[in-house]
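Some notes on the structure that comes next.
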Amino acid sequence: MGGLQQMQVQNDTGRVDRIGSGLLLAFFLIVFGLAWFIFALFIFATDWVVRSFGEVSGSNPLFIVAVYAPAIAALLLVGLKTGAGGLGRFLSRLFLWRASLWWYAFLLLGFPAIFFLGAIIKGDPLGAPLFTERFSDLIPLIAFMMVLGPVEEIGWRGFALPILQRRLMPFWAGLILGIIWAVWHLPAFLLSGTPQAAWNFMPFFAGSVACSVILTALFNDARGSILLAMLFHFQMNNPLWPDAQPYDMYVFVVAAAIIVWLNRRTLFTRTNAVTAVVPMPHSAGSGQ
């Protein structure tokens, strides 16, 4: 895929992206190196971590840095290669919001339907925090989850997916990125104090790959919107929904199969695939 040198890559709309495809390897090295180093500290230097940063949990500052690793890597590489102007244009994709109404229906209604269907299969549809907790008590958790996991998408879909789509059809790009995304979470399954500690990895793996493929179809329909990718990620972690593991993951696999079939014309061709990481100046913030 080339070295780390700056390259010019032509995307599907004729615009030029100056982020070289070779930077993808650097991105993954930073993402895994930073996050897995922190997880290694949690595992092998637990006492020091607890003394210095508090108990191991999703709100531990080091855990948050690990979760932010994809965003840190993307911002670092884009900033180094394109400067402040390019970084600003990259972040302008946070303001792209246009997508088909079908996708908004999926984001707002499809997610709760999937999680509650999983909960019904599990036998506990009324165990969701939406029914068991006061909404006022859930507001701080909702706010926290809006700025935790969704920030990952600055890197995963904001940086990595467009580069993968330069060489691969969207379905395969989403599938491969989903595998990498799921494996990146693996250390969290080894730590007590994280939600993943109570889950089985293989259903999570299957569900993550399925979600990545679904999100790829949404991402291209929304012309590379990081905003909608973040909303998708938030809905995956929305504290209002029930913990229906592993059954919700199986429902996501079924949903992915249906969505792939419905979007087969765009998922199996690169014609409408978004391949630019940094929009050109005339397109930044246009909402297109």
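The values are calculated or read from the model by the stated rules, or taken from the named source; none is laboratory data. Everything quoted here is computed from the prediction, not taken from an experiment. All Cβ positions, glycine included, derive from the backbone under ideal geometry; neighbour counts span all protein chains shown. Note: accessible area is taken over every heavy atom of the protein model, side chains too, but ligands, DNA and RNA are not part of it. Shrake-Rupley method; radii C 1.70, N 1.55, O 1.52, S 1.80 Å.
The Cα-based radius of gyration of the chain, divided by its Kirkwood radius, gives an Rg/Rh of 0.96.
The heavy atoms of residue 247 present about 80 square angstrom of accessible area, all protein chains included, probe 1.4 Å.
Of the complete DSSP H runs in the chain, those spanning 20 angstrom or more by Cα along the long axis with a mean Kyte-Doolittle score not below -1.0 are 23-44, 69-91, 170-184, 201-221, 247-262.
Candidates 186, 169, 199 compared by Cα position along the dipole of the stretch 158-280: farthest toward the positive end lies 169, with charges placed on Cβ.
For residue 254, the solvent-accessible surface with a 1.4 Å probe is about 90 Å², rounded to the nearest 10.
Residue 133 contributes an accessible area of around 100 Å² to the protein surface, as traced by a 1.4 Å probe with all chains present. Protection proxy ranking for 99-108, 35-44, 213-222, using the average of other Cβ atoms within 10 Å per residue and placing the highest first: 213-222, 35-44, 99-108.
Taking the square roots of 5 times each eigenvalue of the Cα gyration tensor of the stretch 174-223, largest first, gives ellipsoid semi-axes of 25, 9, 9 Å. A 1.4 Å probe over all protein chains sorts 122, 81 by accessible area into 122, 81, starting with the largest. Solvent-accessible surface of protein heavy atoms, probed at 1.4 angstrom with all chains present, puts 18, 93, 223, 167 in the order 167, 18, 223, 93, largest first. Summary of the geometry: the stretch 140-154 and the stretch 91-105, compared by the centres of their Cα atoms, lie 18 Å apart. Our summary of shape: the Cα atoms of the stretch 62-169 have principal axis extents of 51, 35, 23 Å, ordered from largest down, in whole angstrom.
When 248, 47 are compared by accessible surface with a 1.4 Å probe, the order from highest to lowest is 47, 248.
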